[in-house]
Amino acid sequence: MHIDLTSKTVLVTGGSRGIGAASVRAFAASGAQVAVHCGRNLEAAKALAAEVGGGAEAFRADLADPAACRPLWEAVAARFGRIDVLVNNAGVATGAPLDGDEAVWLESWTRTMAVNLTALGLLCREAIGHFQAHGGGRIINISSRAAFRGDAPDYMAYAASKGGVVALTRSIARGFGKQGIVAFDVAPGFTRTEMAQDFIDQYGEAYASSDIALSRLTEPRDIAPMLVFLASGLADHATGTTIDLNAGSYVH
Ligand code: NAP
């Protein structure tokens with residue numbers, strides 16, 4: 001089955017690297033116009049937008065700042081007129097030891113929640129309003145296996161933020177389906193990106209790959225096609241669901 005997203009506009013947050021960058025490539029290859037959001041790596045986002053073409057453009061916003069979310073949405077909407085799909089992919093995974101300084105732990109918790117959950121919620125809020133005015137739309141939120149399985153002690157904040165993403169996504173699906181708005185949660189397992197590299201550096205590659213059922217670690221290109229499929233409309237009756245992409249490491 002060939003998926004054609006021509007004339008669709010997709011905003012991918014955290015499109016400058018990792019899973020987001022692979023998704024930008026996959027959406028563009030399916031014909032979509034892609035808004036490539038970035039935090040710090042504007043040059044990378046611009047280069048990727050130029051590489052994929054099709055009207056793609058880079059947008060910068062620091063999602064640790066709640067005040068940056070609405071201007072990001074408005075800038076993309078002003079440029080493309082209509083946004084059809086929001087992919088909330090940007091995220092951080094910063095560990096903090098439980099037995100260290102409380103202020104350090106709280107700082108890590110607060111930043112994790114700000115980027116992974118608050119910004120994602122604010123962008124969903126903008127998307128819902130926009131989709132209500134334009135006859136519907138699709139939201140794809142990237143959570144994590146950690147939302148269901150839990151994470152290492154140093155990464156409790158990360159797991160908690162991703163649990164929030166799951167509940168938020170289900171609420172949107174239940175609340176706005178009649179208005180043509182659907183929402184999906186995609187929960188990757190360990191995926192080879194810079195984020196995963198930080199974890200591998202700390203815990204070792206064996207720890208990352210010890211429990212997967214497949215023979216190689218998941219790559220960003222193993223995640224991206226699912227996002228294109230969910231954006232296509234072919235899966236709308238699965239609204240509210242979580243798609244696990246964890247190489248069989250946590251089947252629930
Ligand atoms: P990554 O390689 O570390 O890339 C993170 C992306 O998020 C970058 O594009 C980065 O933008 C953006 N970002 C981070 N902080 C930001 C901020 N304050 N403001 C704006 N943008 C910010 O991560 P990844 O592995 O591709 O992860 C993508 C998503 O998948 C995340 O939500 C992550 O939690 C989830 N996930 C990843 C794994 C994994 O093993 N890799 C597993 C489960 C879930 P800049 O580079 O431009 O700053």
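The values are calculated or read from the model by the stated rules, or taken from the named source; none is laboratory data. Note that the coordinates shown come from a computational prediction; the quantities given were computed from them, not determined experimentally. Backbone-built Cβ (ideal geometry, glycine too); neighbour counts: all protein chains shown. Accessible surface is based on the protein model in full, side chains and every heavy atom, while ligands, DNA and RNA are left aside. Shrake-Rupley method; radii C 1.70, N 1.55, O 1.52, S 1.80 Å.
Some observations on this one:
- Mean Cα-pair separation over length for the chain, i.e. relative contact order, pairs under 8 Å, 6 or more apart, %: 19 percent
- Shape of the range 101-236, Cα gyration tensor, a/c cut at 1.5: oblate
- Principal axis box of the chain, alpha-carbon based, largest edge first, Å: 49, 40, 38
- Placing a label point 7 Å from the Cα of Ala213 along the Cα-to-Cβ direction, the residues of the range 223-252 with a backbone N closer than 20 Å are 223-227, 241-252.
- Accessible-area composition of the chain, carbon plus sulfur, in percent [1.4 Å probe]: 52 percent
- Largest-first ordering by accessible area, 1.4 Å probe, given options His37, His134, His2: His2, His134, His37
- Convex hull projection area averaged over all views, the range 99-147, Cα basis, nm²: 4.3 nm²
- Virtual spin-label span in nm between Arg221 and Arg79, 7 Å along Cα→Cβ: 2.6 nm
- Spacing of the two label points (7 Å from each Cα toward its C-beta) at Ala50 and Glu205, in nm: 3.3 nm
- Taken per residue, the accessible surface of the chain reaches 45 Å², heavy atoms only and a 1.4 Å probe.
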